[in-house]
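The values are calculated or read from the model by the stated rules, or taken from the named source; none is laboratory data. Model, not experiment: these values are computed from the prediction. Cβ: placed from backbone, ideal geometry, glycine included. Neighbour counts: every protein chain shown.
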Amino acid sequence: MTDSETETPLPGGDVTEGVVRVGDTVRRPLGPHSPLVHAILQHLEAQHFDGAPRFLGIDERGREILTFIDGEVANRPHPAWLADETRLVSLARLVRRLDDAMAGFAPSSSMLEAVAAPEIPGMPPEPRAQPQFIGHLDITPENVVFRDGVAVALIDFDLAKPATRVDEVFNLCLWWAPLAPEEDRTDPLRGVDAVARTRLIADAYGLAAVDRQRLVPTAIRRTERSWHLMKYRAEHDGGGWLRMWQDGVGERIERRLAWLEAHGERLSAALEAQSAF
Ligand SMILES: Nc1ncnc2c1ncn2[C@@H]1O[C@H](COP(=O)(O)OP(=O)(O)O)[C@@H](O)[C@H]1O
Ligand SMILES: [Mg+2]
């Protein structure tokens, strides 16, 4: 075996097993979402958007082949730089560029059906706003590549779905403000001002005034829905989803909801306040 054929495991998120690096490429297993993901990556390439891996095809073992993007990724334990505000601002700008590059992308109905949320009894409905584009919606620390302290790429588009700007900014805030009580944050994000960081994200993204008013209600509704979705996936899909449920993700989501309800007014006020400059 030559070096370029050596498979190095890439530990990252909780769900996908078998992500490996081979030379300058990454190989990942396919799933029902893969046709949408490949179409997204091809669209982004056609738009000359440089902040995502390129889709290179399917290998002889039936895995997707993506370009490996050099840089720093915050794997666990999370590094201290996760709290850095300059990085945060650069990430929010990158996500804005991504969302703008997604405009005009029209996936087929079969691609969308494959990623549609299941109907789950008792789950509250989606926020009413019409989706505006296909959002990334999984902007965890493990899914962002930095170089020289600047966010340069988003990876792992497996959870991409029709989204509004509010949904995408909520997801960004969820992980990076973060919208969670101290006990559920990793070390570098303990003690940071999540309200101030939410405002920083909204400003750097360029979130419109009307969308700022929707952020907290959307966060609450999406958090309620995610409890039902995670439980459903644990019961129906097993694997990493079941492990996460057994590890207490349901209780974490309940604590997030309580945190959002306790801090929602402060968050909305900070988002809507006129900036000092
Ligand atoms: N294209 C890529 N370029 C650079 N690093 C990558 C790439 N794809 C994956 N990685 C690394 O592998 C880890 C896991 O890959 P990811 O695609 O996020 O799978 P998972 O579904 O397990 O989260 C990431 O957190 C990152 O460190
Ligand atoms: Mg990932």
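Quick notes
- Residues that are at pLDDT 95 or above, closer than 17 Å to Asp167 by Cβ and touching a Leu at 6+ places or on another chain (Cβ under 8 Å) occur at least once in the stretch 242-260.
- For the stretch 123-152, filtering for residues that are of a type in the set (S, T, N, Q) and more than 16 Å from ligand 1 (Cβ to nearest atom) leaves 2.
- None of Ile120, Ile155, Ile220, Ile201 is buried (at least 22 other Cβ atoms within 10 Å of the Cβ) and more than 16 Å from ligand 1 (Cβ to nearest atom) except Ile201.
- In the stretch 34-64, the residues that are surrounded by fewer than 17 Cβ atoms within 10 Å (Cβ to Cβ) and either hydroxyl-bearing (Ser, Thr, Tyr) or under 13 Å from Asp156 (Cα atoms) (or both): Arg54
- Selection count where residues are touching a Lys or Arg at 6+ places or on another chain (Cβ under 8 Å) and part of a loop (DSSP other than H, G, I, E, B), scope the stretch 132-150: 3
- The stretch 65-116: number of residues that are in contact with a Leu (Cβ under 9 Å, 6 or more places away or on another chain), hydroxyl-bearing (Ser, Thr, Tyr) and surrounded by 14 or more Cβ atoms within 10 Å (Cβ to Cβ): 1
- Residue match in the stretch 28-45 (condition: over 20 Å from the mean Cα position of the chain (by Cα) and more than 13 Å from ligand 2 (Cβ to nearest atom)): no
- Of residues in the stretch 127-159 being out of contact with any Leu (no Cβ under 7 Å at 6 or more places or on another chain) and among the acidic types (Asp, Glu), the one farthest from ligand 2 (Cβ to nearest atom): Asp148
- Single condition Glu72 does not satisfy, out of (1) within 18 Å of the chain's Cα centre (by Cα); (2) away from ligand 2 (no atom under 16 Å from the Cβ); (3) touching a residue at least 24 places away in the same chain (Cβ under 8 Å): (2)
- Criterion applied to Asp50, Asp84 was being at pLDDT 95 or above and not assigned by TED's automatic domain parsing to the domain that holds Met230, and the one residue passing it is Asp50.
- Only one entry of Arg96, Arg76, Arg28, Arg21 meets the criterion of being in a helix (DSSP H, G or I) and basic (Lys, Arg), and that entry is Arg96.
- Of the listed requirements (1) surrounded by fewer than 18 Cβ atoms within 10 Å (Cβ to Cβ); (2) of a type in the set (Ser, Thr, Tyr); (3) modelled with pLDDT of 95 or more, Thr25 misses just one: (1).
- Which numbered condition Val195 fails, given (1) within 19 Å of Ala258 (Cβ to Cβ); (2) without any contact (Cβ under 8 Å) to a residue 60 or more places away in the chain; (3) of a type in the set (Val, Ile, Thr): (2)
- Of the listed requirements (1) in contact with a strand residue (DSSP E or B) (Cβ under 6 Å, 6 or more places away or on another chain); (2) surrounded by fewer than 21 Cβ atoms within 10 Å (Cβ to Cβ), Glu168 misses just one: (2).
- When we screen Gly191, Gly240 for residues that are in the same structural domain as Pro107 (by TED's automatic domain parsing), surrounded by fewer than 17 Cβ atoms within 10 Å (Cβ to Cβ) and not in a helix (DSSP H, G or I), the only hit is Gly191.
Let's see how each residue does on (1) part of a helix (DSSP H, G or I); (2) over 20 Å from Leu36 (Cβ atoms):
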residue	(1), (2)
Ser110	yes, no
Val115	no, no
Pro127	no, yes
Gln130	no, no
Val166	yes, yes
